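J.: Before I ask anything, here is the structure I am working with.
The values are calculated or read from the model by the stated rules, or taken from the named source; none is laboratory data. The structure presented is a predicted model; accordingly, all values stated were derived computationally and were not measured. Methodologically, a virtual Cβ is constructed for each residue, glycine included, from the backbone with ideal geometry; neighbour enumeration extends over all protein chains shown. Just so you know, the surface numbers come from the protein's heavy atoms only, side chains and all, with ligands and any DNA or RNA stripped out. Shrake-Rupley method; radii C 1.70, N 1.55, O 1.52, S 1.80 Å.
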Amino acid sequence: MSFLVLSGFLILFIVPGAATASAVGTFGAPLVDALHYVYGRRSFVSSFVNLVGLAGLIASFFSIIFGYSRLVYSMSREGYLPRFMSSVSSRKVPHWALIIPGVIGFLCSLSGEGGRMINIAVVGATLSYALQSISYILLKRKHADLNRPYKAPGGSMTASVSIVLAILALTSCFAYDLTATFFALGFFAAGTLYYPFSVGPRLKLQD
């Protein structure tokens, strides 16, 4: 975490200093583009950073596949998604939870709107951060006696700051890409309506 914070601050201050703030505003990948700007596209430094970034993307790609498959599997088992998505193969692999989101992701990649999909993900992330922080505060108030092996530094104060920062980040999404923001909010609205009309009654019958 300390390394990430330090790297973030270094990129925030050093990249505009090396390539000027006006140039950085047009960069898609600030660190790599700044190195191209200073050293040229075929320099050793630029190539090395590109290779490291590619290795990181490949590593995150596999971790995302593992993560979404387990998330879809768990949601299916709890009744939030169709039951067949929690079926497993003879090797105990949740194959449908791997295949279906992967196919959806592949079809989305064919749209050529990679930047917009990232913006949609950013809107979803900021909303998720805010909702998680609100849930944390409510959980501490309503179930203060629960055993908590890990205690978040700062407690509710940190969560409150996180809510404010998430809301500020969300407002910037409206200014940057209004279409992506409305797409993301539409997905959230669809999920919000899906639960009370489809999932909620089914879970009550199971209880």
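J.: Can you pull out the residues in the range 81-116 that are over 17 Å from Ile65 (Cα atoms) and hydrophobic (A, V, I, L, M, F, W, C)?
T.: Once the filter is applied, which keeps residues that are over 17 Å from Ile65 (Cα atoms) and hydrophobic (A, V, I, L, M, F, W, C), the range 81-116 yields Leu81, Phe84, Leu110.
J.: Another question about this same structure. Inside the range 149-203, can you point out the residues that are without any contact (Cβ under 8 Å) to a residue 60 or more places away in the chain and not in a helix (DSSP H, G or I)?
T.: Answer for the range 149-203, where residues must be without any contact (Cβ under 8 Å) to a residue 60 or more places away in the chain and not in a helix (DSSP H, G or I): Pro149, Tyr150, Lys151, Ala152, Pro153, Gly154, Gly155.
J.: Still on this structure, I have one more. If I ask for residues that are closer than 21 Å to Ala29 by Cα and touching a helix residue (DSSP H, G or I) at 6+ places or on another chain (Cβ under 8 Å), which ones from the range 45-104 would you list?
T.: Val45, Ser46, Val49, Asn50, Gly53
J.: A further question on this structure: For the list (1) open to solvent by 70 Å² or more (accessible area, probe 1.4 Å); (2) modelled with pLDDT of 90 or more; (3) under 25 Å from Ile64 (Cα atoms); (4) aliphatic (A, V, I, L, M), I need the number of the one condition that Met157 fails.
T.: Among (1) open to solvent by 70 Å² or more (accessible area, probe 1.4 Å); (2) modelled with pLDDT of 90 or more; (3) under 25 Å from Ile64 (Cα atoms); (4) aliphatic (A, V, I, L, M), Met157 violates only (3).
J.: Something else about it: Name the residues in the range 6-51 that are of a type outside the set (Ser, Thr, Tyr), open to solvent by 80 Å² or more (accessible area, probe 1.4 Å) and at pLDDT 75 or above, would you?
T.: Pass one, the range 6-51, residues of a type outside the set (Ser, Thr, Tyr): 6, 8-19, 21, 23-25, 27-36, 38, 40-42, 44-45, 48-51.
Those still in the list that are open to solvent by 80 Å² or more (accessible area, probe 1.4 Å) too: 6, 9-10, 12-14, 41-42, 44, 48, 51.
Correct list: Leu6, Phe9, Leu10, Leu12, Phe13, Ile14, Arg42, Phe44, Phe48, Leu51.
J.: Conditions: (1) part of a helix (DSSP H, G or I); (2) in contact with a Leu (Cβ under 8 Å, 6 or more places away or on another chain). Leu146 meets all but one. Number of the miss?
T.: Leu146 satisfies every listed condition except (1).
J.: Would it be correct to say that Met85 is in contact with a Leu (Cβ under 6 Å, 6 or more places away or on another chain) and surrounded by 11 or more Cβ atoms within 10 Å (Cβ to Cβ)?
T.: no
J.: Something else: Within the range 101-125, count every residue that is of a type outside the set (Lys, Arg), assigned to a helix (DSSP H, G or I) and open to solvent by 50 Å² or more (accessible area, probe 1.4 Å).
T.: Of the residues in the range 101-125, 10 are of a type outside the set (Lys, Arg), assigned to a helix (DSSP H, G or I) and open to solvent by 50 Å² or more (accessible area, probe 1.4 Å).
J.: Give the residue that is nearest to the chain's Cα centre (by Cα), with candidates limited to residues of the range 136-152 that are modelled with pLDDT of 85 or more and of a type outside the set (Lys, Arg).
T.: Checking each candidate, the answer is Tyr136.
J.: Moving to a separate point now. Which residues, counting only those in the range 36-81, are of a type in the set (D, E, K, R) and within 14 Å of Pro94 (Cβ to Cβ)?
T.: Arg70, Arg77, Glu78 - these are the residues of the range 36-81 that are of a type in the set (D, E, K, R) and within 14 Å of Pro94 (Cβ to Cβ).
J.: Can you go through Ser133, Ser162 and tell me which one is modelled with pLDDT of 85 or more, over 27 Å from Ala29 (Cβ atoms), among the small types (Gly, Ala, Ser) and in contact with a helix residue (DSSP H, G or I) (Cβ under 7 Å, 6 or more places away or on another chain)?
T.: Ser133
J.: List every residue pair whose Cβ atoms lie under 9 Å apart, where the two residues are 6 or more positions apart in sequence or sit on different chains, the first residue falls within the range 27-40 and is charged (D, E, K, R), and the second residue, located anywhere, is buried (at least 16 other Cβ atoms within 10 Å of the Cβ) and in a helix (DSSP H, G or I).
T.: Asp33/Val15; Asp33/Ala19; Asp33/Val24
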